[in-house]
Amino acid sequence: MPESSLEIKDTSCSSSRYRMSSLRQYSQSSVLALPMTRNPYNMPTISAFCTEDNVSECIAYINREVSSLGFPLLCTESNNGPELNLVTVLNNVYNLLQLHRRCLQTVEDIEVEQVKSNSNMDYLQLSNTRLKDQLELSKRENTGLLERERQLQLKVKSLHNCLKNEKEEVQKLQSVIASRATQYNHDMKRKEREFGKLKERLNQLLIDKKDKKQTLEVLNYVGRSDGKRSLWKTGKTEARHEGEMYTTLLNDYDSRHKHLLMENAELKKVLQQMKMDMVTILSPRKPSQSGKKHDDSLEQASSEEDEVCDSSRESLELSCEHAREQLTNSIRQQWRRLKSHVERLDSQASLVGERANMSAIPKEVHEEEMDRLKLEIQQYKDFIHTQQQLLQQQLNFPCDDETASLLNDCYMQKEKERLKEDWKSFEEKRKNFEAERRNFTEAAIRLSHERKAFEEDRATWLKHQFLNLTPFGDQMKPQMSKSQSALSVWAESEVRPVSTPAKLNKSLSHTAFSTSRASPAKTPPTADLYRTHRLIPEKSPSTIHPKQDSSILRNGDVPAQLRHANGGANRRAYTFTGDRNGSI
Amino acid sequence: MNFSEVFKQSNQLCRVSPDGKYLATCVQYRLVVRDVNTLQILHLYTCLDQIVHMEWSSDSLFILCAMYKRGLVQVWSLEQPDWYCKIDEGSIGLVSSRWSPDGRHILNTTEFHLRVTVWSLCTKAVSYIKYPKACQKGIDFSRDGCYMALAERRDCRDYVSVFVCDDWHLLRHFETETQDLAGVEWSPNGCVLAVWDSCLEYKVLLYSLDGRLLSTFSAYEWSLGIKSLAWSPSSQFLAIGSYDEKVRILNHITWKKVTEFDHPATINNTKAVVYKEVERKPVVGSPDLSIQQHITMGSTLFNTQSKYEICPLPVQVPVVKPDLDRANPKVGVSSMAFSSDNRYLATKNDSMACVVWVWDMQRLGLLAVLEQTSAVRCFQWDPRRPRLALCTGNAKLYLWSPAGCVSVQVPAEGGFQVQSVTWHCSGDSLILLGKEQLCLCYMEVGEEEDDIK
């Protein structure tokens, strides 16, 4: 039986996987069938091995074999010959079976292993071939690239040569051009000289020629346009001409000098005014408006400015080098301060802008309001409709009445006459009105003309006024008026901020925080407007309208911030007006 | 706006006297002097040949008529119609003739620019100035008539001579640092002389009256240079138009560039207004035209009407690419004019022949662009008001003022094509010159006078 199984194993080694599996089944079945020992397939071999006749030999043989394999002996040597020990036989058989099974198991494992390694091998071979291909390919590519590089290098070399040649060519051409230019210039000069000579010759010839001379036929000579007689040319005339020339030149320089002086004075005035504006803008800053940390420094600065201002005013009158330097320096300082301040305000404003976006009226509230308003509109429409209907009814009824009255003629007659009279009177009135209206239109036209003239007068007067102004004390009056006008502009700007800061805020919020635009903030202008409305008139939030209040008090720390912004905007407005003043 | 009847003229010779009283026109060899207001003929003079050049003397008493081919100049007097003067330059020839500012001397340039002959009408004196240079603008008189600058060329070098016009005394004579001087022009205040080089080199030299070199300006090198030059009436600005299609403005204090006006093909300057002339042909026999209208429109019926439309920016201006291989390519700023109040500058770039640019000199920026349907022939500022008149060689007159733009049909019979326009010195009327005709155009004075008052 082991032999047969070995045989089977041998065949299975070389067999395909399919046969292997079938074999396994078969072996398993054989294993299962073994205990029965009634397997029809095994029967012949067994029968061939052991027959009734050779049992003892068989037993002896088996015994020997078994002992050689290290199993306990099957038969014990007893007195009446070898006696088969059934228990050991069974044990041995069982052991053998176990061994057989284990062997089969290991065989199977090995087979699997082998299959695996086979497939592995296949894979590796495949990949190997692929890699080989790749290698080949890259080698080929490499050679190709090398070839190309070589070609390119060749090309570069040739191009270098070309460039060199071209450069040489250019140089040659340049030299040619230069030589041509010189030649041309030379030729030109030569030609010109020849031309000059020819001209000279021609001139001479023409002078020498007698037949057709230049002539002037005049009936009688006319007097000079200035009525004077011409003077003899003497040394004096030359001196006179020189003198005249220099006087005209001097006059020109004088006028120019005057213009420059005037311009200078104006510029100085503007500078002064700008400085004043700056001082006034920078000095009245309240600690509540911008954080306390800047305050002390700024106040210090303002006091400094005042000093500088005074000194510069003196210096303006001196208008010497040193003073000018001082003035410009102080202006520069203040400008720097103003710039930093504005920048700070900008940053604050942008912060506030962000907040404003946050605190904008939520969409739901908006929609609610819209719905409510729509409803109201609908109501009003209905109302109007009913009213119209009522009116129609009322109109219809009197119409019937009239038809009734039409029946009695007397009424009618009277009415007609009355109407005619009325008509006449109306006609007259209309004519009068017409005439009056014409008069009025004429008057209006005249008025508009007058107004235009007046406007122009005023403009010229203003211009005059402005041009006549000097920053010095010699013309105190115009200066006063100027300052007044400046004040009036200021007053305007103070009245106006309701609209301007809103705009400014809007722009700020849009520019500085364009990212926050996506949030439901299409309404910031109105919010800003509210805010400005609420905050401009007074600093305390007591006058806030309840509705706006509710919208703003949603986030607690907003009011203070808003006041900042508002202050900033206010100041911004001032600076703008100031600038405008400066530029005017 | 009213138009006078049409008169004949030849060679575009039609001049209003400096005092604004008379209008002199040449018809072949006849000189006709009319009263400007009544247009009645006051005098009629007959010259010896067809008149080529005609000029009023500064005091409006004499008229010079030049016949270059014959080398003849005839002078006529308004006060004494019998008086005559004939100058014969003889075989030396004549290429140019002009009055001196005093109106008593005549300067004749001979052929080949051999010399300038100064003939005096007061005395028998004849003086010669040698070596005048043949160039774009070789002679210029200062505005007050005191001085004359003359470009000279001797020994291959450029010189400028400054003469006192009173007695032709040579005041200054100096060499200029130019390769090939192209022109001289006095500033309107007569104290600065601008001298510029030929187009081969961009160079402007500014000389004081006493011959000192004040400044030199050159914007670039190795390219075609200056094409035109104009002083502002206040002498404050000097505008230089060049072949690079730019106008550079110099100031009168440092003589440095104040600004640069570019003439781009695409206008997207938001401060500028672009007026575009749009032509529309009248529909003949349209039902809404009554017979009367037909009759009144008779002359204009076959002409196209046009109006200006304001174009939304950006605007693409038509550009004609010049042939750069030929001499004097049609590119660059060829004509410039300041308005009388110094406020505006009108320019024309040759590669955009249909367009006139108006610049604001206060803002130093583009103010208006006038795009015409055909090439602009000539433009001139009103001597009194900021008002620009231009013509394009058709039967229309165009006017621009800061308030807007109008196109006016000239109601003259038979194809009156306006070749050039000249303002009367009062600014109340315009002289329109056609090919062989002329016509006066009267502005409506009343309203504007009111406006001014």
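Points worth noting:
- Pairs of alpha carbons in segment B:100-152 whose separation is greater than 13 Å (percent): 60 percent
- Gap separating the Cα centres of segment B:30-49 and segment B:331-369, nearest whole Å: 36 Å
- Convex hull (Cα only) mean projected area of segment B:1-152, reported in nm² to one decimal: 10.0 nm²
- Low-density loop cleavage sites - GluC sites (Glu not before Pro) in segment B:40-95, where at most 14 other Cβ are within 10 Å (DSSP): B:Glu79
- B:Arg363-A:Gln183 FRET efficiency (beta carbon distance; Förster radius 60 Å; 0.05 resolution): 0.75
- Distant alpha-carbon pairs in segment B:213-287 (separation over 17 angstrom), percent: 61 percent
- Translational diffusion of segment B:138-227, estimated by Stokes-Einstein from the Kirkwood radius over alpha carbon pairs at 25 °C in a medium of 0.890 mPa s, is 187 µm² per second.
- Peptide B:108-118 has a mean of 2 when you count, residue by residue, the C-beta atoms of other protein chains within 10 Å of its C-beta.
- Proxy reagent accessibility, fewest Cβ within 10 Å first, across B:Met148, A:Met274, A:Met262: A:Met262, A:Met274, B:Met148
- Other residues within the sphere of radius under 14 Å centred on the Cβ of B:Gln179, judged by their own Cβ, net out at -3 (K and R +1, D and E -1).
- Size of segment A:408-451 from its Cα atoms: along the principal axes, largest to smallest, the extents are 61, 11, 5 Å.
- FRET efficiency for the A:Glu421 to A:Ser347 pair, using the beta carbon distance and R₀ = 60 Å, is estimated at 0.15.
- Taking only the C-alpha atoms of segment B:66-177, the Rg (one decimal) and the largest Cα-Cα distance, Dmax (whole number), read 14.4, 50 Å.
- Pairs of alpha carbons in chain B whose separation is greater than 43 Å (percent): 16 percent
- Neighbourhood net charge (15 Å Cβ-Cβ; Lys/Arg +1, Asp/Glu -1) for B:Asn37: -2
- Take the Cα of A:Glu263, step 7 Å toward its Cβ, do the same at A:Gln394, and the gap between the two points is 7.6 nm.
- Label separation (B:Leu313 vs A:Thr76): 12.9 nm, computed from points 7 Å beyond Cα along the C-beta direction.
- For B:Leu39, B:Leu61, the sequence from fewest to most other C-beta atoms within 10 Å is B:Leu39, B:Leu61.
- For A:Ile59, net neighbour charge (Lys/Arg +1, Asp/Glu -1) across residues whose Cβ lies under 11 Å away: -2
- Within 10 Å of each Cβ in B:81-93, the average number of Cβ atoms from other chains: 5
- Inter-part distance, segment B:372-435 to segment A:98-115, computed on C-alpha centroids, equals 118 Å.
- Residues of segment B:110-133 with amide N under 19 Å of a point placed 7 Å along Cα→Cβ from B:Asp155: B:130-133
- Label-point separation in nm, A:Asp382 to B:Tyr442, each point 7 Å along Cα→Cβ: 7.3 nm
Any read-out appearing in this document is the output of simple, stated calculations on the displayed coordinates, not a laboratory observation. Predicted model only: the values in this text are computed from it and were never measured. Reconstructed Cβ throughout: ideal geometry from the backbone, glycine too, with neighbour counts over all protein chains shown.
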